[in-house]
Amino acid sequence: MERARELLAAVDTGGTYTDVVSVTGRVEKVLTQKTSLVTSVEEGLLRAVGSVPIDILAHGTTVATNALLERKGACIALVTNKGFADVIEIGRQTRPDLYDNFADRPPPLVPPQLRFEIACRMGPNGEELVPISESELDRVCGLLLSAPERISSVAVSLLHSYIDPSHEKAVAQVLRDAGFDVVISSEISPEYREYERTSTVVATAYLKPVLKKYLGELTRLAASAYVMTSAGGLVPADHAAENAAALLLSGPAAGAIAGSLAALECGFEAAVTFDMGGTSADICMIQGGIPEPTPQIRVGELPIRLPSIEIVTIGAGGGSIARIDPGGALQVGPQSAGADPGPACYGRGGREFTVTDANLLTGRIPPGHSFPELGLLDIDAAKDAMRRCGTTPEETLAVVNANMERALRKVTAERGHDPSQLALVAFGGAGPLHACELAEALGMPAVVVPPRAGVLSALGLLVSPAVKELVKSRPDPLKHDTLQEEMEALALEAAKILEKWGFSVTETVARIDCRYKGQSFELPAASIADFHEVHRRRNGYTRPELLVEVTAVRAKAFGRPLGRYQDLVSSVVRKGVVRGPDSIVEDDCTVFVPKGWIAHAHQSGAWLLRRSA
């Protein structure tokens, strides 16, 4: 489709800043107003584009994540099979802390009084064991209608609906006719594992009303609005609201996409993206130029069984607060000062000592530097906050770096990847301040700081494809003779949906979930033959003599991105060589080059940092 370049923009809403990038390359950063996120988006668009509504808006949002973590979703009910109402409370028999006998799991999103059981049953092969009756449907519907709480949404998760969804559809029809907004597991996460599937559909129902309201307000700002999913693809805003749990890693996924392109431009197919903003740090493994996928994530200790880019997030950002705990140890994060009041040096009334204050006092952020919308940073306020905290800037930076180093090791060495073969791609407003020290600690040979590093997640929205991904569970995992036909059919179905959204399909990819017979967990592979090599890379061994089970088929259809990476960064001109210790101050980020490191301006527009000889 032909797009008016001046009326096409991307907005990534973060905990501190809302970043805007227009397709012409114009960049704006505005402080995020937590009480009115749409107002921040509108203000950023007015600055970057000049008017609203615009033609096309691509958006990365934190609304779903915040609502789940802060437990500010809707009041919902759950309908499930008789005897299964407590599956979301029982969960798996793993404790949050192995050595803490008093550790508590977070409470379920649905209280016991709003979990309703219905007498019906499907078997594992799709056979109907207990039929669903009209009297049962009427009974459950009556219970929901008479509930004292005002129910905003109903999640329906029935046994083996991933094979035959007819029972779920029957329940949904009756409840919708009664006026309820209903979400069914066979449409959200049609995969086996009862707890994970139920947890996912419950989270979707819990977030849907919140996202529907927010995206409804957002769509007035553009003729067409698209939202980034956790899987790294854009979807229409109305579709995004229907599958709200798929947006839990919306912004970080866009950053990983753009970071992988920046690594490729510098010649690195294997890398780790490191996005450190004001509130958190997001880390992702890149293999073959592609962010590593996963069929499941955990957010707020809840499993979400939806395709996603595998991103590890920790509470370490520029606004992370330093404090002395009751045992006398220094802790940094996960609490953050955010944008309001923000770090003490912002001069907005903040009194807590943060990572940004520490970077200012150590000179990594040069004195006299200003941040967008904040003016000159207040070094005296940072000193006062440090004295109140009772620590030093060096200690604070050492602790936050140790926290991030552990997360990087979890993504790399603990999963069999040799850090010495990987580049670290650093972005976000704070990422380039810490990247070289982290790379040094892990023995990584190079750091890439992409052009537009401070707004790379917003830029990533413009270079990410539209994506529709489908999954289909298989009742007979040992039956392989129809695999190719199943993969082709699912890919065609995904392509048709993408075309219905108005995108031309550029590529389709189908994969299978495989495991050796007797194993509990699957690995995605292009074919059964490919699975053995995937298993060797992930686990260090292979067993080709064993039977292979194929539990599910997955397919993706890709549509053309809204913009090209090279076009969007072509206006960024970085020149010269910088030897550490020194800082490179840019409009949207600061790059710290430590002693023993040297930064070269790469032809792609990135800074390429290596240890000096």
- Message: Give the lysines reachable from K595 as a straight Cα distance under 22 Å; neighbours fewer than 8 places away on the same chain don't count.
- Response: K575
- Query: Based on DSSP H runs of at least 4 residues, each adding -39500 (n - 2.57), what is the mean residue ellipticity at 222 nm of the chain after dividing by all its residues, to the nearest 500 deg cm²/dmol?
  - Reply: -9500 deg cm²/dmol
- Leaving ligands, DNA and RNA out of it, work out the accessible area of K479 with a 1.4 Å probe and give it in Å² to the nearest 10. 90 Å²
- Message: Leaving out ligands and nucleic acids, and using a 1.4 Å probe, what accessible area per residue does the chain come to in Å²?
- Response: 41 Å²
- Taking alpha-carbon centroids only, the range 145-185 lies from the range 341-407 a number of Å equal to 50 Å
- Scattering from the C-alpha atoms of the range 148-214 alone, worked out with Debye: what is log10 I(q)/I(0) at q = 0.12 1/Å? -0.29
- Query: Of all DSSP beta bridges located in the range 74-211, what percent are antiparallel, nearest 5?
  - Reply: 15 percent
- Query: Considering only protein heavy atoms and a 1.4 Å probe, what is the carbon-and-sulfur percentage of the accessible area of the range 503-613?
  - Reply: 50 percent
- Query: Put +1 on the Cβ of each Lys and Arg and -1 on the Cβ of each Asp and Glu in the range 12-102; which of V38, G25, L68 then has its Cα farthest toward the positive end of the dipole?
  - Reply: L68
- Item | Cα pair distances exceeding 25 angstrom across the range 1-158, given as percent | 57 percent
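With +1 on each Lys and Arg Cβ and -1 on each Asp and Glu Cβ, how big is the dipole of the chain about its Cα centre, in debye rounded to the nearest 20?
780 debye
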- Item | Unsatisfied cross-links (Cα-Cα over 30 Å) in the set K212/K556; K82/K208; K208/K517 | K208/K517
- Here, H239 and A402, labelled 7 Å along Cα→Cβ, have an inter-label distance in nm of 4.7 nm
- At a probe size of 1.4 Å, how large is the accessible area of M487, to the nearest 10 Å²? 20 Å²
- R537: accessible area at probe 1.4 Å, nearest 10 Å²? 130 Å²
- Message: Please report the spacing between the Cα centers of the range 533-565 and the range 200-267 in Å, no decimals.
- Response: 23 Å
- Message: Need one number: % antiparallel among DSSP beta bridges in the chain, to the nearest 5.
- Response: 70 percent
- What is the Cα radius of gyration of the range 405-474 over 2.2 N^0.38 Å, N being its residue count? 1.41
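Looking at the P(r) of the chain, how many percent of alpha-carbon pairs lie beyond 39 Å?
Details: 57775 of 187578 pairs.
More than 39 Å apart: 31 percent of the Cα pairs in the chain.
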- Task: Can you grab the distance from the C-alpha centre of the range 66-96 to the C-alpha centre of the range 514-530, Å, no decimals?
- Result: 29 Å
- Magnitude of the Cβ-charge dipole (Lys and Arg +1, Asp and Glu -1) of the range 516-560 about the Cα centre, nearest 20 debye, reported as 240 debye
- Message: Just want the answer: with Cβ charges of +1 for Lys and Arg and -1 for Asp and Glu, which residue in L159, V585, L302 is farthest toward the dipole's positive end in the chain?
- Response: V585
- Message: With unit charges on the beta carbons (Lys and Arg positive, Asp and Glu negative) and the dipole taken about the Cα centre of the chain, which residue among A119, I188, Y516 sits farthest to the positive side?
- Response: Y516
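Write down the Å³ per residue value for the convex hull defined by the alpha carbon atoms of the range 52-108. The partial results should precede the final answer.
On the way: hull volume 10.5 nm³, N = 57.
Looking at the range 52-108, the number lands at 184 Å³ per residue.
Based on the Cα coordinates of the range 292-442, what is the per residue volume of their convex hull in Å³?
Looking at the range 292-442, the number lands at 138 Å³ per residue.
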- Additional length obtainable on full extension of the chain from E488 to Q603, 0.36 nm per residue less Cα span: 37.3 nm
- Task: For D582 and F521, calculate 0.36 nm times their separation in residues minus their Cα-Cα distance, and state this gained length in nm to one decimal.
- Result: 17.2 nm
- Query: So what does the Cα-only Debye profile of the range 307-364 read at q = 0.16, 0.23 Å⁻¹, as log10 I(q)/I(0), no solvent term?
  - Reply: -0.54, -0.87
- Note on the structure: Expressed as a percent, the accessible surface of the range 30-166 that is carbon or sulfur, using a 1.4 Å probe and the full set of protein chains, is 52 percent
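The values are calculated or read from the model by the stated rules, or taken from the named source; none is laboratory data. Everything numeric here is computed off the predicted structure, so don't read it as measured data. Ideal geometry is used to build each Cβ from the backbone, glycine not excepted, and the neighbour counts take in all protein chains shown. To get the accessible areas, we keep the full protein, side chains included, count just its heavy atoms, and leave off ligands, DNA and RNA. Shrake-Rupley method; radii C 1.70, N 1.55, O 1.52, S 1.80 Å.
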